[in-house]
1. Quick check for you: with a 1.4 Å probe and neighbouring chains kept, what is the accessible area per residue of the chain, in Å²?
2. Which length gain, in nm to one decimal place, applies between LEU194 and VAL68 when the Cα-Cα distance is subtracted from 0.36 nm times their residue separation?
3. Multiplying the sequence separation of LEU44 and LYS123 by 0.36 nm and subtracting their Cα-Cα distance, what value in nm do you get?
4. Carbon and sulfur: what percent of the stretch 122-233's accessible surface (1.4 Å probe)?
5. In nm, give the distance between the simple-model label positions of ILE166 and TYR75, each being 7 Å from the Cα along the Cα-to-Cβ direction.
6. Compare the peptides 60-72, 130-142 by average per-residue count of other Cβ atoms within 10 angstrom and give them in order, highest first.
7. Sticking with the crude label model, points 7 Å out along Cα→Cβ, report the distance from ILE217 to LEU11 in nm, one decimal please.
8. Considering only GLY46, GLN192, LEU164, whose Cα is most displaced toward the positive end of the charge dipole of the chain, charges sitting on Cβ of Lys, Arg (+1) and Asp, Glu (-1)?
Amino acid sequence: METISNVVGFLPALIKATPLTLLLTAVAGVFGLVIGTLVALARLSGRRVLSVPAYVFTFAFRGTPLLVQIYLIYYGLGQILPGTWVRHSFLWPYLRDGLWYAIFALSLNQASYNAEVIRGAIKAIPRGQIEAAKSIGMRSSMVLRRITLPQAFRSCLPVLTGDLIILLKTTSLASTITILEVMGTARMLQRQSLLIFEPLIAAGIIYFTVVFILTRILGVVEKRLTRYRTAKA
């Protein structure tokens, strides 16, 4: 009973930290999708000046642990920037906060995975559709905007939503650079209460609840966006 009461007692503090976890997920998810789309298009461009850097980017970020990336970005940029013009600019009040380094690292990591998913979805589109669009006078940019990307996003939407759920859980690594999201708050509660398991159990309850709700929401969105494909099948 004491364990249960301790877990319940920790929940309010962790609930207050939940919006920061959701902020990290939302911002990194949006940036990751935008950057990932651009990287996927660069890899498919056929120009080595674009495809080679895009390949190196995806290989580097997919081939190294996210925790290492967070440390390198946080401690690396944290040591470099103070000695540059940024130290005396309007950006410094923001860049000295670990939150932005976490968003940067999470966004790039998410982009590397999204790029490969989107690249595969684009390559799966029947070539005949693109050739037919060009035959009626559509420019390449219009074909990309009206045919290629909409179909690619619909076909890979289940994978993208799954990656977003994974991103939500990996935001817990931001606690390693003193960000008090859910996991960071749980660690703070461990130090304050000298209890090990109860704050972690409470954090697990928060993550489980948020993941459950987000999964349901994304499931509805996915069903609406793919209803025509399902009906056709």
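The values are calculated or read from the model by the stated rules, or taken from the named source; none is laboratory data. This is a predicted model, so every value here is computed, not measured. Here the Cβ positions follow ideal geometry from the backbone for every residue, glycine too, while neighbour counts run over all protein chains shown. Ligands, DNA and RNA are stripped out before the accessible areas are found, and what is left, the full protein with its side chains, is counted by its heavy atoms. Shrake-Rupley method; radii C 1.70, N 1.55, O 1.52, S 1.80 Å.
1. Values: 13790 Å² over 233 residues.
Roughly 59 Å² per residue, with all protein chains present.
2. Working: separation 126, 0.36 × 126 = 45.36 nm, distance 2.83 nm.
Roughly 42.5 nm would be gained on extension.
3. On the way: separation 79, 0.36 × 79 = 28.44 nm, distance 0.85 nm.
Full extension from LEU44 to LYS123 adds 27.6 nm.
4. Working: 4550 of 6930 Å².
The C+S portion of the solvent-accessible surface of the stretch 122-233 is 66 percent.
5. 2.6
6. Working: 60-72: 14.2, 130-142: 11.6.
Peptide ranking by packing, descending: 60-72, 130-142.
7. It is 2.0 nm.
8. Most positive-ward Cα: GLY46.
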